[in-house]
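Enquirer: Dumping the structure here so I can ask a few things about it.
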Amino acid sequence: QVQLVESGGGLVQPGGSLRLLCTASMNIFNLNSLSWYRQSPGNQRELVGTINKGGATSIADSVRGRFTISRDNPKNTAYLQMNNLKPEDTAVYYCNAAFGIHQYWGQGTQVTVSS
């Protein structure tokens, strides 16, 4: 069992930045991958980006150049740095961990981009 806790969401103006944190209850180096998803009202949950066991990252086309994923293994924490935020980035952001054959989810953190 892996518990994930997201934090760092909030209200930000267009063009602003936020950094989301996902803290795991275990050594994240042992996870297959950590991913960030987001879901806005009326839409399906979409993959924002992933960092795999080896540290390689991938980012969705819709946020490439603005969002980056990183991790701090000793802190068991993954980060989603979001820059130049747009109103369409408004969503609940979820952390996902793949460990063996299982998937684990955090409770989500709300990001609202509005003037």
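The values are calculated or read from the model by the stated rules, or taken from the named source; none is laboratory data. Because the structure is predicted, anything quoted here is derived from the model rather than measured. Don't worry about glycine lacking a Cβ; one is built from the backbone with ideal geometry, like all the others, and counts go over all protein chains shown. Ligands, DNA and RNA are stripped out before the accessible areas are found, and what is left, the full protein with its side chains, is counted by its heavy atoms. Shrake-Rupley method; radii C 1.70, N 1.55, O 1.52, S 1.80 Å.
Enquirer: Only strands (runs of 3 or more DSSP E) wholly contained in region 20-80 count here; list those with 2 or more residues that are in contact (Cβ under 8 Å) with a residue 12 or more places away in the chain.
Expert: Values: elements: 33-39, 46-52, 57-59, 67-72.
Counting at least 2 such residues, we get 33-39, 46-52, 67-72.
Enquirer: Can you tell me which residues in region 7-19 are out of contact with any Ser or Thr (no Cβ under 8 Å at 6 or more places or on another chain) and either part of a loop (DSSP other than H, G, I, E, B) or open to solvent by 60 Å² or more (accessible area, probe 1.4 Å) (or both)?
Expert: Kept after step one, since they are out of contact with any Ser or Thr (no Cβ under 8 Å at 6 or more places or on another chain), are these residues of region 7-19: 15-19.
Gly15, Gly16, Ser17, Arg19 - these are the residues of region 7-19 that are out of contact with any Ser or Thr (no Cβ under 8 Å at 6 or more places or on another chain) and either part of a loop (DSSP other than H, G, I, E, B) or open to solvent by 60 Å² or more (accessible area, probe 1.4 Å) (or both).
Enquirer: When both residues are 6+ apart or on different chains and their Cβ atoms are under 6 Å apart, which pairs have a first residue that lies in region 84-112 and is of a type in the set (S, T, N, Q), and a second that is assigned to a strand (DSSP E or B) and open to solvent by 70 Å² or more (accessible area, probe 1.4 Å)?
Expert: Asn96/Trp105; Thr112/Leu11
Enquirer: When the residues of region 81-115 are narrowed to those that are outside any strand (DSSP E or B) and touching a Pro at 6+ places or on another chain (Cβ under 8 Å), which ends up farthest from Gln3 (Cα to Cα)?
Expert: The initial filter retains those residues of region 81-115 that are outside any strand (DSSP E or B), namely 83-90, 100-101, 106-108, 114-115.
If we keep only those that are touching a Pro at 6+ places or on another chain (Cβ under 8 Å) too, we end up with 85-87, 114-115.
Details: Leu85: 28, Lys86: 30, Pro87: 30, Ser114: 31, Ser115: 34 Å.
Per the stated criteria, the residue is Ser115.
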